Amino acid sequence: MSVKLHDNYDNLVKNYLFSEIAKRVKAYTEANPEKKIIRLGIGDVTQPLCKTVTDAMAKAVEEMGVQDTFRGYPPEWGYDFLRNAIVEHYAKRCRASLKMDDVFVSDGAKSDCGNIVEIFGDNEIIIPDPVYPVYLDSNIMQGRRVTFIQANESNLFLPSPDGIEGGNYIIYICSPNNPTGAVYNKEQLTKWVEFARKTSSIIIFDSAYEAYISSDEPKSIYEIDGAKECAIEICSLSKSAGFTGTRCSWTIVPTELMVGDKSLNAMWARRQATKFNGVPYIIQRGAEAALSDEGRKECMAQVEYYMRNAKLIADMFKEKGVFFTGGVSSPYIWFKVPEGYTSWEFFDKLLNEVQIVGTPGSGFGKNGEGFFRLTAFGSYENTLEAVERLKKVF
Ligand code: PLP
C-alpha cells in the first residue's frame, strides 16, 4: 500500500534544456580552460537594481524596524499604494484605463501564469509552439487538454486565430514573445480579442517584456477594445526593472470579466486570499519606486542598454541575410540555423568554433527545431565581441 500520487506529473516531458547546456559547456571548459566563453543564452537580467528602487527599499527596511511603522502580513492583493501606481502606469504607458480593484500584486509572472488556470474548469488550452515552457507544463500538471497553434517562419512566429474551430478555450498569448521576440501589432491582437469574444474564450496575455516595446505595438492587451471582457493580463517587473531576484509582478483581472454571472475577478481574489499571503512591504515599496517617473527613467536606461546589445546582434543577421525575429522591441533574437544543422548541432558548432553559448530553439517546442535564441542580457563589450565571432560562422 502506498499513497496515491498525481499521475499528471508522469505526462510532463523531462526538460533537459538548461541542464544539457550546462553539461556541454562544463565539458568544453574543462577540455579548453584557456578559451573565453561568451554567454548569450542568459534569460536573466544582469544590470543591478536602480538607485530609486534601492533607496525606497532601504527606507522601507528602516520603517520595518520602528514600532510605529512596522507592518505585518501585507494585503493578499497588494498594498493600495502599489495597486494605484500600477493603474497610473497603465494610464501613462498603455493608454489603458484600469481600476485599483482590477490589480492583483504577486511574487512573479511565472507563478501566476501557472496558478491562474486553477479558477477554470476542464477547458481546452491553446498554447503557441514554440513558447515559454511554463504555460505547457503547468497545464499538464493540472491534467488539462492542450492544443498547440503553430508559430513558424511563414507567420513570422505570430500565429493568428484563423482556422481555429470551436470555442470555450483558454488561450495563452505572449507578446513580446519569449523565445521568438515576435511582437503582435494592434490589428493582429484585435483579431485575437474578437475571436475570444466570438467563441466565449479567455485570453491569458503575458506582457512580461512590454517595457522593451519601442514602437506603437500594444504594450497591454487592454489597448484593444473589448479586451476587458475576455482577457487576463500578467506582467512583471523582472525584465523591466531588474526584479528577477527581488520578485514582484501583477495580474490584471478586470471586474468586467464575467463568465455567465460569475466574476473572474472575485474568483481570483478568493484564490489569492486563500493560497497567497502577499508580497513583502519592502519589495512593494521598491516596485512602487520602479514605477515612479524617476524610477521608470532609470529602469528604461537599463532596458535601452540591453536593446543596444540586441541591435548589434540583429544588425549582424540583417547584414548576413539570416532570417530572424525579435531584436527590435524584445531582448531576444531568434534566428534560423544554417541549412543542414539541427538546433543542438548548431549549439555545438557555436560552442566549439567561436565559444558562444546560446539556447537551441528545439527546447521551446517542436517548431523551435532549426532555430536558435540569443539574448541581449550580456554586457555591451561581450556582445560586441560575440558579434565579431558570429560573423565568422555565417
Ligand atoms: N513570462 C515570460 C514570457 C518569461 O519569459 C518569464 C521569465 O523569463 C516570466 C514570465 C517569469 O517572470 P517572473 O520573473 O515575474 O516570474
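The values are calculated or read from the model by the stated rules, or taken from the named source; none is laboratory data. Please read all numbers here as calculations on a predicted model, not as lab measurements. All Cβ positions, glycine included, derive from the backbone under ideal geometry; neighbour counts span all protein chains shown. Accessible surface areas use protein heavy atoms only, side chains included; no ligands, DNA or RNA. Shrake-Rupley method; radii C 1.70, N 1.55, O 1.52, S 1.80 Å.
Quick notes on this one:
- Here residue 353 passes the criteria (1) outside any strand (DSSP E or B); (2) touching a Gly at 6+ places or on another chain (Cβ under 9 Å) except the one numbered (2).
- Hits in region 34-53 - residues which are open to solvent by 60 Å² or more (accessible area, probe 1.4 Å) and touching a residue at least 40 places away in the same chain (Cβ under 8 Å): 35, 36, 39, 44, 46, 48, 51
- Taken together, 58, 96, 31 contain a single residue that is surrounded by 11 or more Cβ atoms within 10 Å (Cβ to Cβ), without any contact (Cβ under 8 Å) to a residue 24 or more places away in the chain and more than 16 Å from the ligand (Cβ to nearest atom), which is 58.
- Annotation: residue 345 fulfils all but one of (1) surrounded by fewer than 22 Cβ atoms within 10 Å (Cβ to Cβ); (2) under 25 Å from the mean Cα position of the chain (by Cα); the unmet one is (2).
- Consider region 240-262 and keep the residues that are open to solvent by less than 30 Å² (accessible area, probe 1.4 Å) and away from the ligand (no atom under 16 Å from the Cβ). The one that is farthest from residue 109 (Cα to Cα) is 257.
- Restricting region 112-124 to residues that are touching a strand residue (DSSP E or B) at 6+ places or on another chain (Cβ under 8 Å) and surrounded by fewer than 20 Cβ atoms within 10 Å (Cβ to Cβ), the residue that is nearest to residue 279 (Cα to Cα): 117
- Qualifying positions in region 150-186 - over 17 Å from the mean Cα position of the chain (by Cα) and within 12 Å of the ligand (Cβ to nearest atom): none
- Restricting attention to region 143-166, the residues that are touching an Asp or Glu at 6+ places or on another chain (Cβ under 9 Å) and either part of a strand (DSSP E or B) or surrounded by fewer than 15 Cβ atoms within 10 Å (Cβ to Cβ) (or both) add up to 8.
- Residue 25 vs. criteria under 22 Å from residue 387 (Cα atoms), part of a helix (DSSP H, G or I), out of contact with any Phe, Trp or Tyr (no Cβ under 7 Å at 6 or more places or on another chain) and away from the ligand (no atom under 16 Å from the Cβ): yes
- Candidate set: region 333-366, residues that are in contact (Cβ under 8 Å) with a residue 40 or more places away in the chain and touching a Ser or Thr at 6+ places or on another chain (Cβ under 6 Å); chosen: the one farthest from residue 158 (Cα to Cα): 360
- Here residue 211 meets the list (1) crowded, with 23+ Cβ neighbours inside 10 Å; (2) closer than 22 Å to residue 365 by Cβ almost entirely, failing just condition (2).
- Of all the numbered requirements in (1) in a loop (DSSP other than H, G, I, E, B); (2) at pLDDT below 90; (3) away from the ligand (no atom under 16 Å from the Cβ), residue 15 misses one, and that requirement is (3).
- Residues that are among the aliphatic types (A, V, I, L, M) and crowded, with 21+ Cβ neighbours inside 10 Å within region 275-302 comprise 279, 283, 287, 289, 290, 291, listed in sequence order.
- Of all residues in region 144-202, exactly one satisfies the criterion of being aromatic (Phe, Trp, Tyr) and in contact with a Phe, Trp or Tyr (Cβ under 6 Å, 6 or more places away or on another chain), namely 172.
- Taken as a whole, region 215-232 holds no residue that is of a type in the set (Gly, Ala, Ser), open to solvent by less than 10 Å² (accessible area, probe 1.4 Å), within 12 Å of the ligand (Cβ to nearest atom) and touching a residue at least 24 places away in the same chain (Cβ under 8 Å).
- Qualifying residue in region 34-54 (condition: farther than 27 Å from residue 376 by Cα and of a type in the set (A, V, I, L, M, F, W, C)): no
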